[in-house]
Structure formats: structure tokens, C-alpha cells
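Remarks on the structure that follows.
Taken together, the values in this text are just the output of simple stated rules run on the coordinates, not laboratory data. Nothing here was measured: the structure is a model prediction, and the numbers come from that model. All Cβ positions, even for glycine, are placed from backbone atoms using ideal geometry, and neighbour counts span all protein chains on display.
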Amino acid sequence: MKRLRGYKTELWVKPAQIEMFKKHVGVARYIYNWALATRKAAYESDEKKSLGTFELNKLLTQLKQQPDTTWLYETSITTQQEAIRNLCKAYDNFFRRVKLGTEAPGFPKFHSRFSAKQSFCLRGNFAVTPNQIKLPKIGWVKLKESNYIPTTGARYLLATISTSGGRWYISMQVEEDVPEPVQPTGLAIGVHMGINPLVTCSNALRYEAAKPLKKHLKKLARLEREKSRRQKDSSNRAKTVKKIGRLHDHIANIRAHNLHQISHDISYSDHSTIVVDGYDVREMKQGTISNINRAFSDVAMGELRRQITYKGEWNSSAIIKADKTFASAHICSVCGYTIDTKIQIGERFLCPKCRIDISAKLNAALNLRKLAGKPPESINACGEDGSNSPQ
């Protein structure tokens with residue numbers, strides 16, 4: 001069977017290659033901003049035109065023929081086309097959010113050369129060896145991790161080169177042939193997420209979050225104070241900014257490694273059905289104090305749920321996402337008694353009806369597991385089966 005996968009690894013780059021990378025990053029940013037300005041101007045004109053990918057690509061050809069922009073020929077055409085495609089995708093997402101009306105629309109913004117992360121995309125003919133990759137218009141670049149990107153039986157669709165913390169990374173989108181996964185035969189599992197612990201499963205397994213931001217917060221604050229004391233546009237300030245970028249990159253890598261370990265352990269443990277919490281993390285963060293808001297961001301529950309979902313589907317497990325109104329923490333997993341959702345649940349769940357005393361996190365995971373036997377739409381917010389209720 002065919003499967004789309006992403007492979008991301010660090011690159012060993014030479015100074016000349018870094019200059020070429022920076023040139024492509026600058027061109028991608030320039031074309032994105034040019035396309036955004038062109039599309040806004042066309043819509044604000046009397047004709048109210050809405051330019052798409054095809055029209056912008058035609059205007060790009062005219063732009064490159066002008067005497068002041070002949071330097072665009074020094075970079076790959078696919079980088080420029082992908083920048084236009086990314087802008088059109090940003091517009092599509094904006095219109096989708098306006099239509100749904102459930103969140104802030106987020107109109108596309110101009111890209112800044114001062115942002116922490118810079119990237120560009122490439123398409124074309126790629127050649128991959130165990131420790132090198134050949135990029136269009138750039139040439140052979142060494143991979144820091146050998147035998148990671150597949151060299152045979154794969155079709156390379158897109159390469160995204162990005163920089164973070166002074167390091168350069170490549171992310172390859174690959175279509176490859178993989179064997180059909182064996183259908184899991186194990187029991188269903190409920191996965192309840194929180195801050196401490198990050199995950200509690202219905203089989204009583206618990207996974208703690210790495211919380212790298214919390215562990216490096218003092219060092220980050222010290223570097224920020226150091227940066228504020230440095231004179232603007234000085235070399236010492238630039239060194240401190242580089243240190244801060246590397247620390248943020250280190251924090252993100254620790255968090256990603258922890259999330260991938262947890263999601264892999266849950267998704268590939270022969271569970272026929274995986275039921276995950278469905279609450280909206282962004283809604284939970286609204287109105288909370290800054291420390292709790294930062295804790296939500298540090299554990300990255302939304303990213304963990306995304307990883308469990310796609311990895312579970314790769315393993316042929318059925319994935320059920322509970323409704324965000326499902327009060328799993330307020331329902332007794334033994335007798336089904338429901339406590340008022342306005343009441344705060346502590347570390348232990350004590351049922352007023354059957355008097356069972358159980359961990360509140362485990363109780364929520366057990367309630368989630370019960371959804372595996374019923375379609376999610378038939379479960380109401382109190383955990384009752386509403387499929388046979390009178391209409």
C-alpha cells in the first residue's frame with residue numbers, strides 16, 4: 001500500500017551552501033509578500049479581482065523579466081511557485097475560518113526576515129544516498145543522520161529546508177510502499193490527557209510530560225535579561241539572540257521526542273480501538289492564568305492527540321475522538337452517576353452513590369474506553385446513551 005510520510009533530519013552544511021539556503025529563504029519570503037500585496041491590490045481595485053495560483057504564476061513570469069528582479073533566476077523556480085501556493089493556501093484557510101465562524105479568521109500577514117524560523121520548499125528531481133541528498137539548484141548536501149531517508153522504493157514529493165537555532169533541517173515528504181498492517185486484536189483503550197500526568201490510560205498506564213520549558217525557564221529568563229542589556233545591533237546582542245534561539249530549539253526537540261515516544265507506545269500496542277479526549281485545548285487556555293496557560297503549551301496535548309490519531313490509523317486501529325462536551329471526569333465509571341460539571345474534581349473521584357474511591361484520571365480514562373462500544377454521536381454530555389431517546 002502507498003503511504004505519505006515525512007522524514008526530518010539535520011543537515012551538515014558548508015558556508016557556500018548556507019549562503020545559497022539564505023538566498024532561497026529570502027526569495028521565498030519576497031515572493032510570498034509580493035503575491036500577498038498583488039492579491040490585495042487586485043481585490044481592492046474597481047474590478048474586485050480574486051487572483052489564484054494560476055494568475056499569480058503568470059504575473060511571476062512577468063516579474064522575473066523586469067530588470068530589477070533578474071536575481072530571481074538565481075534560485076529554483078519551484079521555491080517561488082511553492083511560496084505562491086502557500087499564500088493561496090493561507091487564503092483558503094482564512095475563508096474557511098470565516099465561513100465556520102468558530103475561531104479568529106486570521107487574515108494572511110506579510111512575512112518578516114526577523115522571525116525565528118525561516119524556510120523554503122523545493123520540488124523536482126531528488127537523489128538520495130544513505131548520507132547525502134541532491135537538491136535542485138543547490139547540489140549535494142550531507143545528512144547528519146545516515147540511512148534515515150529511504151533510498152529505494154520511494155517517490156520524493158517535496159523538500160522543506162528550514163533553520164532554527166542556527167541549525168539547518170530538511171523535511172522530506174515521501175510516498176513509499178509499506179506492507180499492509182496487521183489488524184490489532186487487543187482490547188480498546190481510553191486515553192485521558194492532562195498536565196500532570198500528561199496521559200492516563202484505561203489500563204492504568206501513566207505517562208509523564210517532559211515539560212522542557214519549565215525546566216529551562218530560569219536559563220531562558222537569564223538570557224533574555226542578558227539580551228536586554230546588550231546594545232541594539234551589536235555583535236554581543238547577536239550572540240545572545242543566537243543562544244536564545246538554540247535554547248528554544250533544544251526545548252522543542254525535547255518536547256517532540258517525548259511526544260513521539262508516548263504516541264508510539266500507545267498507538268502500536270495492539271489496541272483495536274483508541275478513544276481520546278475531544279476537548280479544545282485553545283478553549284481551555286482562554287481565561288486561565290499565565291502559569292497554567294504556559295503549562296498547557298509546554299505539554300502540547302493537541303500535538304500528542306494528533307500523533308496518536310495518525311499513528312493509530314497507520315496501525316489499523318479505530319480512532320474515536322470524544323465530543324468536547326463529554327464530561328468524562330464527572331461520571332462514575334462503575335455506576336454511571338454524574339456529578340455536576342461545575343464541581344471541581346480533585347486527584348481522587350469519590351462517587352456519592354456507590355462510594356467508590358478511584359483516581360480521577362483513571363476514572364476519566366475508563367469512561368472514555370466505554371465509548372469504544374458506541375458511536376460518539378450517541379453519547380451525550382452526561383455520558384448517557386441517547387441513541388434510543390424519544391425524538
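Among residues other than THR152 with Cβ under 12 Å from its Cβ, the summed charge is -1 (Lys and Arg +1, Asp and Glu -1). Take the Cα of GLN173, step 7 Å toward its Cβ, do the same at ASP270, and the gap between the two points is 3.6 nm.
Computed from the C-beta positions of THR69 and ARG348 and an R0 of 51 Å, the FRET efficiency is 0.15 to the nearest 0.05.
Between VAL334 and ILE195, the contour length at 0.36 nm per residue exceeds the Cα-Cα span by 47.6 nm.
For the chain, the spread of Cα positions along the three principal axes, ordered from largest to smallest, is 81, 53, 51 Å. Loop-resident GluC sites (Glu not before Pro) (DSSP state other than H, G, I, E or B) in the stretch 133-192 with no more than 14 further Cβ atoms inside 10 Å of their Cβ: GLU145.
Considering only ILE343, ASN258, ILE320, the residue lying farthest towards the positive end of the dipole of the stretch 186-385 is ASN258, judged by Cα position with unit charges set on Cβ. Within the same chain, lysines fewer than 8 places from LYS14 are excluded, and of the rest, those with a Cα less than 16 Å from its Cα are LYS22, LYS23, LYS134, LYS137, LYS142, LYS144. Taking Lys and Arg as +1 and Asp and Glu as -1, the other residues whose beta-carbon sits under 14 Å from that of LYS214 total +4.
Multiply the residue separation of ALA42 and ARG355 by 0.36 nm, subtract the distance between their alpha-carbon atoms, and state the gained length in nm to one decimal. Numbers along the way, then the final one.
On the way: separation 313, 0.36 × 313 = 112.68 nm, distance 6.77 nm.
Working it through step by step, the gained length comes to 105.9 nm.
With R₀ set to 30 Å, the beta-carbon distance separating LEU59 from GLU145 gives a calculated FRET efficiency near 0.15.
Pairs LYS218/LYS239; LYS117/LYS321; LYS8/LYS64: which are spaced more than 24 Å apart, C-alpha to C-alpha?
Details: LYS218/LYS239 19 Å; LYS117/LYS321 32 Å; LYS8/LYS64 32 Å.
Listed pairs above 24 Å: LYS117/LYS321; LYS8/LYS64.
When every Cα-Cα distance of the stretch 1-180 is counted in 5 angstrom steps from zero, the calculated P(r) takes the values 1, 7, 14, 17, 17, 15, 12, 9, 5, 2, 0, 0 percent.
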